[in-house]
Structures are given as C-alpha cells and as structure tokens.
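A short write-up of the structure that comes next.
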Amino acid sequence: MKITKAFLKKHDACADAYEWYLEQKTTDGDKLFKTAMKAKMYDEIWWVLRRKLNKKQSVKIAIYSAEQVKDIFEKRHPNDNRPRKAIQTAKRYLKTPTSSAYAAAASAYAASADAASAYAASYASVYEEKRKVQKKILRYAWRVINDNN
C-alpha cells in the first residue's frame, strides 16, 4: 500500500502529520507504518487505516480488538455478556454479509461499546498495558489491510 500526498490532502490530514510524512521521503506504506510505530504515532496510524479499510476489514479488526479486552471486561462485569454477543454477531456477519446481518452486528457493537465504556475508565489507568494492546491491534489491522480482504 502506498500513502501519497494526494491521499493525505484529499482526506485533510493534519498539518503536523503531513509535515512528518514529507520528511520521510517515501510512499511505501510498510516503511511508513514501521517508522510511525517507532515514533508512537498511533493516532495517526489509525487515521490512515480508517480511511483505507473496507467494511469487511473494519469488522475483522473490531472483532480482534474486542477479543483483546473481552476477558478483562468479563472479570470486572461477569454478568454482562454484551461484548461476547457483539463478537459472535460480527463473526456471523463475516460469514453471511447481508445488510440485515450488518445491522445486527452494528447494533450489537453499539451495545458492546456502551458496556466497554464503563470499563475503559478503569482500564485507562493501566497506561502501559493499554499501549501494548493498542500496538498489537494496530499491527493486526495493518496485516488485515495488506491482505486485501
């Protein structure tokens, strides 16, 4: 995948990220990704990914992301199965990508997001663990987008 000046301009990249990009002197996505990861530019990487991912890739990454924190959430909220149901519904959508299945997955994801927000405040205090999970998800997302699925 290439990242170009035209892509960044089309999507209104912020000035700082655009300047950083120009300093890199490459359009090679893999090189840019590795350099940005080393520089801890996680928000900027997500910004690019959100503009490059198709629906199927987004759902795969949402499933993977939820699976990374599901156990932690369930330990704190053992009677709240919304994240687990959201994951199951999203996996069904990937097998049968109909509009009704997508609507169900989106609804389940919204319920899961509401449940996860209650958890996020306490998890945010564990900064380093959060960063490890975030980097793991970013690496997975990069593989997904480069698999072209």
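The values are calculated or read from the model by the stated rules, or taken from the named source; none is laboratory data. Being a predicted model, the structure only gives us computed values, none of them experimental. Positions of Cβ are backbone-derived with ideal geometry, glycine not excepted, and every protein chain shown enters the neighbour counts.
Below is a table of values for the structure above.
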| item | result |
| --- | --- |
| Top-ranked residue of the range 18-36 - restricted to ones that are surrounded by 12 or more Cβ atoms within 10 Å (Cβ to Cβ) and among the basic types (Lys, Arg), ranked as farthest from the chain's Cα centre (by Cα) | Lys31 |
| Some residue of the range 59-81 being within 17 Å of Ile137 (Cα to Cα), among the charged types (D, E, K, R) and modelled with pLDDT of 85 or more | yes |
| Some residue of the range 88-98 being of a type in the set (Ser, Thr, Tyr), closer than 24 Å to Lys136 by Cα and at pLDDT 90 or above | no |
| Filter result for Ala105 (under 16 Å from Leu138 (Cα atoms), surrounded by 15 or more Cβ atoms within 10 Å (Cβ to Cβ) and without any contact (Cβ under 8 Å) to a residue 60 or more places away in the chain) | no |
| Residues of the range 36-58 that turn out to be under 22 Å from Lys130 (Cβ atoms), without any contact (Cβ under 8 Å) to a residue 40 or more places away in the chain and not basic (Lys, Arg), as a count | 7 |
| Qualifying positions in the range 1-29 - of a type outside the set (A, V, I, L, M) and touching a residue at least 60 places away in the same chain (Cβ under 8 Å) | Gly29 |
| Candidate set: the range 68-84, residues that are of a type outside the set (D, E, K, R) and part of a loop (DSSP other than H, G, I, E, B); chosen: the one surrounded by the fewest Cβ atoms within 10 Å (Cβ to Cβ) | Asn79 |
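Residues checked against (1) of a type in the set (D, E, K, R); (2) at negative phi; (3) free of Cβ contacts under 8 Å to residues at least 40 places away in the same chain; (4) buried (at least 18 other Cβ atoms within 10 Å of the Cβ):
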site	(1), (2), (3), (4)
Lys60	yes, yes, no, yes
Tyr64	no, yes, no, no
Ala86	no, yes, yes, yes
Lys91	yes, yes, yes, no
Pro97	no, yes, no, no
Ala101	no, yes, yes, no
